[in-house]
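Take a look at the structure below.
The values are calculated or read from the model by the stated rules, or taken from the named source; none is laboratory data. These numbers were taken from a predicted model, which means no experiment stands behind them. Cβ placement follows ideal geometry from the backbone for every residue including glycine, while neighbour counts extend to all protein chains displayed. Accessible surface areas use protein heavy atoms only, side chains included; no ligands, DNA or RNA. Shrake-Rupley method; radii C 1.70, N 1.55, O 1.52, S 1.80 Å.
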Amino acid sequence: MARAPRPAMRPVPDPNVSMNAPLPTARAALLARLAAPRRYALAVVGGGATGLGVALDAAQRGHSVVLVEAHDFAKGTSSRATKLVHGGVRYLAQGDIHLVREALHERVHILESAPHLAQPLAFVMPSYKLWETPFYGGGLKLYDLLAGRAGLGATEWRGARQTLSELPGVQPHGLKGGVRYWDGQFDDARLALALARTAALQGALVLNYCEAVDVLHADGRAVGLVVRDAETGRDFRLEAGCIVNATGVWVDALRQHDARAAGRSVAPMVAPSQGVHLVVDQDFLPGEHALLV
């Protein structure tokens with residue numbers, strides 16, 4: 001599939017923003033911009049990685065953009081991730097080749113664009129059965145093949161001694177060997193903040209602690225938002241040609257609110273699920289390699 005060209009960095013013609021001035025951070029000034037009568041090309045609800053990425057992309061393309069977030073930027077999933085920039089080994093096992101290939105090629109863009117926040121990370125998968133090393137090694141070689149020139153390093157088979165040296169503390173009894181491959185690691189919340197700052201630099205109006213409380217309609221279409229400043233309780237009306245609901249796992253709350261206002265109902269899009277991330281001391285796994293089970 002052909003990839004669309006990435007937009008060139010260029011300023012948005014917003015008279016309230018100078019590309020040579022420091023980024024505006026005074027909340028009163030930002031709220032004054034929010035109160036000014038203007039019809040935005042795009043209004044984004046949700047200040048996680050997805051919403052901020054949409055806002056940045058649109059601002060780079062020359063569109064007028066406003067983004068509101070009800071809490072801290074990256075408060076939800078974007079600060080509670082695995083901290084990995086990966087192509088999705090598990091999705092490869094599920095046969096979703098297209099998804100894995102696209103993710104692997106996007107991975108390298110993050111590593112190249114934000115080397116202070118993202119870096120390659122070597123993983124070792126220990127094997128306790130003879131068939132595991134060639135089986136998983138073959139799958140990870142396919143992972144390398146899908147990455148192509150965007151690969152971070154070649155998958156390599158490991159003997160038991162090499163595996164123990166790279167994974168100190170791993171169970172030595174019955175260890176047959178392992179496989180080492182490469183993915184990426186990043187600081188998810190800081191990357192989201194970098195997206196917010198860059199979107200603002202490109203002219204987007206980006207505000208947190210500003211909740212979308214209502215959707216405005218005209219002739220059966222959504223044409224804007226009512227947003228509320230959490231500090232003052234003041235409401236602002238925004239007009240927009242397009243509204244993006246990027247609220248992550250809370251996406252259905254805004255959809256259902258919008259539907260009720262229009263006198264209709266919508267089926268939920270998201271089925272709740274829950275996972276757990278355990279944070280352990282570095283002593284649990286010393287060394288520079290990550291462990292994949």
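What dipole magnitude, in Debye to the nearest 20, does the chain give about its Cα centre under +1 on Lys/Arg Cβ and -1 on Asp/Glu Cβ? Please report the intermediate quantities before stating the final value.
Details: 30 positive and 27 negative charges, 99 e Å.
Computed charge dipole of the chain: roughly 480 debye.
Which value, in Å² and to the nearest 10, is the accessible area of HIS277 when all protein chains are kept and the probe is 1.4 Å?
So the heavy atoms of HIS277 present about 110 Å² to solvent.
Could you work out the relative contact order of the chain, using alpha carbon pairs under 8 angstrom and six or more residues apart, expressed as a whole percent?
Relative contact order comes out at 27 percent.
Going by Cα centres, segment 235-250 and segment 112-157 are how many Å apart?
Spelled out, the Cα-based centre of one part sits 39 Å from the other.
What residue among ARG264, ARG101, ARG197 has the largest mean-square fluctuation in a Gaussian network model of the chain, using Cα springs under 10 Å?
Looking only at ARG264, ARG101, ARG197, the biggest GNM fluctuation is shown by ARG264.
Could you compute how much accessible surface THR198 exposes when probed at 1.4 Å, giving the result in Å² to the nearest 10?
About 40 Å², rounded to the nearest 10.
Net charge around ALA222, counting only other residues with Cβ within less than 14 Å of its Cβ (Lys, Arg = +1; Asp, Glu = -1)? The partial results should precede the final answer.
Details: positive: ARG39, ARG221, ARG237, ARG255, ARG260, ARG264; negative: ASP214, ASP219, GLU239, ASP258.
Once positives and negatives cancel, what remains is +2.
In deg cm²/dmol, rounded to 500, what helix-only [θ] at 222 nm does the chain give when every DSSP H run of at least 4 residues adds -39500 (n - 2.57) and the total is split over its residues? Please list the in-between numbers first.
Numbers: 8 runs with 91 residues, N = 293.
That comes out to -9500 deg cm²/dmol.
Lys/Arg Cβ at +1, Asp/Glu Cβ at -1, dipole of segment 75-154 taken about the Cα centre: which of TYR143, LEU130, HIS105 is farthest positive-ward?
LEU130
Quick one: accessible surface of ASP144, probe radius 1.4 Å, all protein chains present, in square angstrom to the nearest 10.
Counting only protein heavy atoms, ASP144 exposes about 40 Å² to solvent.
Mind checking which of GLY153, GLY48, GLY233 has the largest fluctuation in a GNM of the chain, springs on alpha carbons under 10 Å?
Ranking GLY153, GLY48, GLY233 by mean-square fluctuation puts GLY233 first.
Arrange the residues LEU195, LEU291 by how much accessible surface each exposes, largest first, with a 1.4 angstrom probe.
If we order LEU195, LEU291 from most to least accessible, we get LEU291, LEU195.
Tell me which of GLY184, ILE243, HIS71 sits at the most positive position along the dipole axis of the chain, charges placed on C-beta atoms (Lys, Arg +1; Asp, Glu -1).
Sorting the options by dipole projection puts first ILE243.
Students often forget the sequence filter, so: which lysines lie under 27 Å Cα-Cα from LYS141 once same-chain residues fewer than 8 apart are removed?
The qualifying lysines are LYS83, LYS129, LYS176.
Of [x] 22.9, 70; [y] 24.4, 97; [z] 25.7, 80, which one was derived for Rg and Dmax of the Cα atoms in Å from the structure shown?
Label [x] holds the value from this structure.
Using a 1.4 angstrom probe, figure out how much accessible area the chain has per residue, in square angstrom, rounded to the nearest whole. Write out the running numbers ahead of the final one.
Numbers: 16860 Å² over 293 residues.
Value for the chain: 58 Å² per residue.
How many angstrom separate the Cα center of segment 46-98 from the Cα center of segment 179-220?
7
With all protein chains present, how much of the accessible area of the chain (probe radius 1.4 Å) comes from carbon and sulfur, to the nearest whole percent?
57
Given the chain, what percent of its DSSP beta bridges are antiparallel, to the nearest 5?
65
Given a 10 angstrom Cα cut-off, can you work out which residue in LEU31, LEU278, LEU117 is the most mobile in a GNM of the chain?
Comparing LEU31, LEU278, LEU117 in the GNM, the peak value goes to LEU278.
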